[in-house]
Amino acid sequence: MIYQAILLLPLFGAILAGAFGKRLGEHFAEYTATGFLCLSALLSLWVFFGELPYMEQTKLVTLFRFLDSGTLQVDWSIRVDTLTAVMLVVVTGVSSLVHVYSIGYMHDDPQRPRFFAYLSLFTFAMLALVTSDSFVQLFFGWEGVGLASYLLIGFWYKKPSANAAAIKAFVVNRVGDFGFALGIFAVFFVFGSLDFTTVFGAAKGFAGKTFNFAGYDVDILTTICLLLFMGAMGKSAQFLLHTWLPDAMEGPTPVSALIHAATMVTAGVFLVCRCSPLFELAPVALEVVTIVGATTAFFAATVGLFQNDIKRVIAYSTCSQLGYMFFAAGVGAYQAAMFHLFTHAFFKALLFLGAGSVIHAMGGEQDMRKMGGIRKMIPATWALMLVGTLALTGFPFLAGYWSKDAIIESAFAAHTSVGMYAFVMGVVAAGMTSFYSWRLVFMTFEGEFKGDHHTLDHVHDSPPVMLIPLAILAAGAVLAGVIFEPQFIGHEQAEFWGGAIVNLHEHTALEARHHVPAWVIFSPAVVMLLGLIVAYFYYIEHPELPPRMAARKGPLYMFLYNKWYFDELYDFIFVRPAMWLGRFLWKKGDGWFIDGFGPDGVSAGILDWTRQVVRLQSGYVYHYAFAMLIGVAILATWFMAGGGR
C-alpha cells in the first residue's frame, strides 16, 4: 500500500482542499494539502533509502484495468525502479517544501484553497507520470501536468498577462504533444503494445528496420524516438519550443519553483532516460537530442545575460540547465543527466523560492534595477540565495559542481562531432551562467538601493515558514552532490541503477570521462571564475557602466535582451496569420456565407415574406372583395384556357 499512498495522497489533498476549503476555511486547505504532501514525501524517502537498496528487480503494482479496447489492453500499474525512486524523492520533496513555503507566501491571497488544490493536483499528475508502466499512463500524467500548469500559471486570472501566459504555455506544449502522441501511436503500430516491459524487450528486434511514414521508408526506432523527443522538447522548453517558459513567471513564485525546479520541465529528461532502451538503438535520434540540448544550453544562457526581472533570469537558467541534461542523455550519459536533474532540483528550487522571499520583502517588486543594498535587511535570504548561486555556477564540491562537470566531461569523452559541439556549448554556457547568476546577486543585494525609498522602510526577512524550506533546500544544494555522486555516476552506479537505464555501448562516455585531459576538467571552473570576475567588475567596481550600455541599445544587446526575437518571429509567422485566418473564417466563412445563406438567411427571407403577406391583412372589406374578384378572374381564365380539362 505504500506505493499507492505516495501516488494518491496528493490527489486526496487536492480534492479536500478544492471541495471543502471555502467551507472549512483557508487554513484547512493549507494544512490538509500540505500534510498529505509531506506524508507522501516521507514515504518516498522510505522507498529511496529503505527499499531501493534491497530491490533486485523492477516492481510492478497493478491497481486496475485502465483501458480495454480490442487488442489494446492497458493496466494502471505503478512501476518501481531506481528511476522512479529518484523522481519520487525529487517531486514529493520539492512539492512538499513548496506547499510549506506557500503557507507564508500566499497568506494574504483570498483564493488559497484553490491554489493549494491546484498545487496538489499538479503533484498527483507528475507522480502518475513518473510511476507509469505504459505509454498510455505516461500520457495521462503528461497531459495532467499540462492542465495543472495551465491552471497555476493563470491562477491570477484577472491579470490579462497571466491569462496570456497560461494560454501560451498550453498551446506551445500542444505542438510538442502532437509529436508525442504520434510517437505513442507508432509504438503501438510497431510493437502491438504500449507496456514499457513489452516494448523495451522487443526493441532490439526492430533495430535497423524501416517502415513507411508520411510516404517515406524511414528507420522505425529513429522515427519513434524523434517523435517522443518532440514531446520532451515542448514539456522541457527546449530550443524552438522554449517561448512559454519565461512567460510562465506570471504565476505565483511557488508555482515557478514547482514547475521550473523539479517537476514539469524535467518530465522530458525523465522520458528520454526512461526510454533509453529505444534511444540507444537510434543513434541519429541521440545526435538530435545532443544538438538540441547543447543549443538550448547556449541560447538560454545568452538570453539570461541582460534580463532584469529576477524570476526571468532564473527561468532562463532553468532552460539552460535542462539543455545540459538533454545533451548528457544524447551522448549516452543518462546517469549524469538524472544526477543533474536531482541536484538541480535543490539549488533551482532554492533560487526560485529565495527570489520569492526577495519579492515578498520588496512588496511585489521583481525588477532588479529597482533593488540593491538590501543584504543587511534580509540576511537570511541573502545567505541562502548565495548558497544556491554557488551551487548553480558549479562552485567546487557543491551539488552543481559534481553533476554539471560530469556532463561536460562526458560530452568531450564521447569523441563525436556532436559531443564536441555539446562540450564547447556547455563550457561557454557555464561561463555565462556564472556571469548572470552573480549579476543577479550583485544587483539585488549589493550596492546602493535604487528603488522607492518608501519601500525600503518595509523591507524585512521572510517568516520561518518560508525560510525553513529554503534552509532544507540549501542543505541539499551543498550535500546532494558529494553524498550521492558514487551512486549516480561513480563506482556504485551499476548496482544503483540496475536495469532502469540501458547503456548498450561497451565504453560509455560517462566511464571515459575519467580519462579526459586535465584542461577539460578545469575548463568549467576557469570560465566560472571568469564570469564572476566580469560580473564583479561591472556591478560592484563600475556599476555605472551597465546602464550606459543599456541606454546605447546596441544591436547585440537588443538581440539578447529581446530573446533573439523569437516571440516577434513566432508572432509574425504563426500568431498573426492564425488570427487573420480565424477572423476571416469567423466573419466571412461563418458569418457571411454559412449563417448568411443558411439559418440566418432563411429566417431573414421568411421574415421579409411574412411582412409582405401581413400587409395584405388590412382589415377593410373592399380589399378582401377585390382580392376575391381577382381570384375569380384567375380561375375563370384558367378554365377558359383549357386548364380544367
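The values are calculated or read from the model by the stated rules, or taken from the named source; none is laboratory data. Keep in mind the model is a prediction, meaning the values are calculated, not measured. Virtual Cβ from ideal backbone geometry, glycine too; neighbours counted across all protein chains shown. Calculation scope for accessible area: heavy atoms of the full protein, side chains included, ligands and nucleic acids excluded. Shrake-Rupley method; radii C 1.70, N 1.55, O 1.52, S 1.80 Å.
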Between the residues Ala19, Phe48, Ile6, the Cα farthest towards the positive end of the dipole of region 1-75, that dipole coming from +1 and -1 charges on the beta-carbon of Lys, Arg, Asp and Glu, is from Ala19
Scoring the chain by relative contact order with C-alpha pairs under 8 Å, at least six apart, yields a percentage of 12
Counting Lys and Arg as +1 and Asp and Glu as -1 over every other residue whose Cβ sits under 11 Å from the Cβ of Val502, the net charge comes to +1
As straight-line cross-link partners of Lys553, the qualifying aspartates and glutamates (C-alpha separation under 20 Å, not fewer than 8 residues apart within one chain) are Asp309, Asp367, Glu544, Asp567, Glu568
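How big is the dipole moment of region 1-132 about its Cα centre under a simple scheme where the beta carbon of each Lys and Arg is +1, that of each Asp and Glu is -1, and everything else is neutral? Debye, nearest 20, please. Walk me through the intermediate numbers first.
On the way: 7 positive and 9 negative charges, 52 e Å.
With only Lys, Arg, Asp and Glu charged at Cβ, the dipole is about 240 debye.
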Here, Asp595 and Ala633, labelled 7 Å along Cα→Cβ, have an inter-label distance in nm of 4.5
Taking 0.36 nm per residue of separation between Val614 and Leu72 and subtracting their Cα-Cα distance, the length gained on full extension comes to 188.7 nm
With DSSP loop assignment and no more than 10 other C-beta atoms within 10 Å, the GluC sites (Glu not before Pro) in region 1-79 are Glu56
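With respect to the cross-link table entries Lys158/Lys450; Lys348/Lys450; Lys348/Lys563; Lys348/Lys404; Lys168/Lys235, which display a Cα-Cα separation exceeding 18 Å? Don't skip to the answer; put the middle values down first.
On the way: Lys158/Lys450 30 Å; Lys348/Lys450 26 Å; Lys348/Lys563 21 Å; Lys348/Lys404 13 Å; Lys168/Lys235 13 Å.
From the list (Lys158/Lys450; Lys348/Lys450; Lys348/Lys563; Lys348/Lys404; Lys168/Lys235), the Cα-Cα distance tops 18 Å for Lys158/Lys450; Lys348/Lys450; Lys348/Lys563.
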Once the in-chain neighbours fewer than 8 apart are removed, the aspartates and glutamates whose Cα is under 12 Å from Lys22 read Glu30
Cross-link reach from Lys204 to aspartates and glutamates, straight Cα distance under 12 Å and at least 8 residues apart if same chain, gives Glu280
Measuring from its Cα centre, the chain shows a charge dipole (+1 at each Lys and Arg Cβ, -1 at each Asp and Glu Cβ) which, in debye to the nearest 20, is 1740
For Tyr216 and Ile533, extending 7 Å from Cα along the Cα-Cβ vector and measuring point to point gives, in nm, a value of 4.8
Tilt, helix 379-393 to longest principal axis of the chain (alpha-carbon atoms), in degrees rounded to tens, equals 90
To the nearest 0.05, the calculated FRET efficiency linking Phe566 and Val424 through their beta-carbon distance, R0 being 22 Å, is 0.45
With the convex hull built on the alpha-carbon atoms of region 532-645, volume per residue in Å³ sits at 262
Note, Phe229: beta-carbon cut-off 15 Å, +1 each Lys/Arg, -1 each Asp/Glu, net -2
Rounded to the nearest 10 degrees, the helix 464-488 long axis (Cα) sits at an angle to the longest Cα principal axis of the chain of 70
Dipole check, region 541-645, charges on Cβ (K,R +1; D,E -1), about Cα centroid: among Tyr624, Ala604, Leu560 the Cα furthest to the positive pole belongs to Tyr624
Carbon and sulfur atoms account, in whole percent of the 1.4 Å probe accessible area of the chain, for 69
Averaged per residue, the 1.4 Å probe accessible area of region 290-413, protein heavy atoms only, in Å², is roughly 18
Restricting to Cα pairs under 8 Å and 6 or more apart, the percent relative contact order of region 392-530 works out to 48
To the nearest 10 degrees, the tilt of helix 112-130 (Cα long axis) against the first principal axis of the alpha carbons of the chain is 70
Checked against the positive end of the charge dipole of the chain (+1 on Cβ of Lys and Arg, -1 on Cβ of Asp and Glu, about the Cα centre), the farthest of Thr433, Tyr150, Leu351 is Tyr150
For Phe574 and Leu63, extending 7 Å from Cα along the Cα-Cβ vector and measuring point to point gives, in nm, a value of 3.2
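Quick one: length gained pulling Asp309 to Met1 fully straight, 0.36 nm per residue minus the C-alpha distance?
On the way: separation 308, 0.36 × 308 = 110.88 nm, distance 4.48 nm.
The span from Asp309 to Met1 would gain 106.4 nm if fully extended.
Give me the net charge of Asp367's neighbourhood, meaning all other residues with Cβ under 14 Å from the Cβ of Asp367; Lys, Arg count +1, Asp, Glu -1.
Details: positive: Lys311, Arg312, Arg369, Lys370, Arg439, Lys450; negative: Asp309, Glu365, Asp452.
Residues near Asp367 contribute +3 overall.
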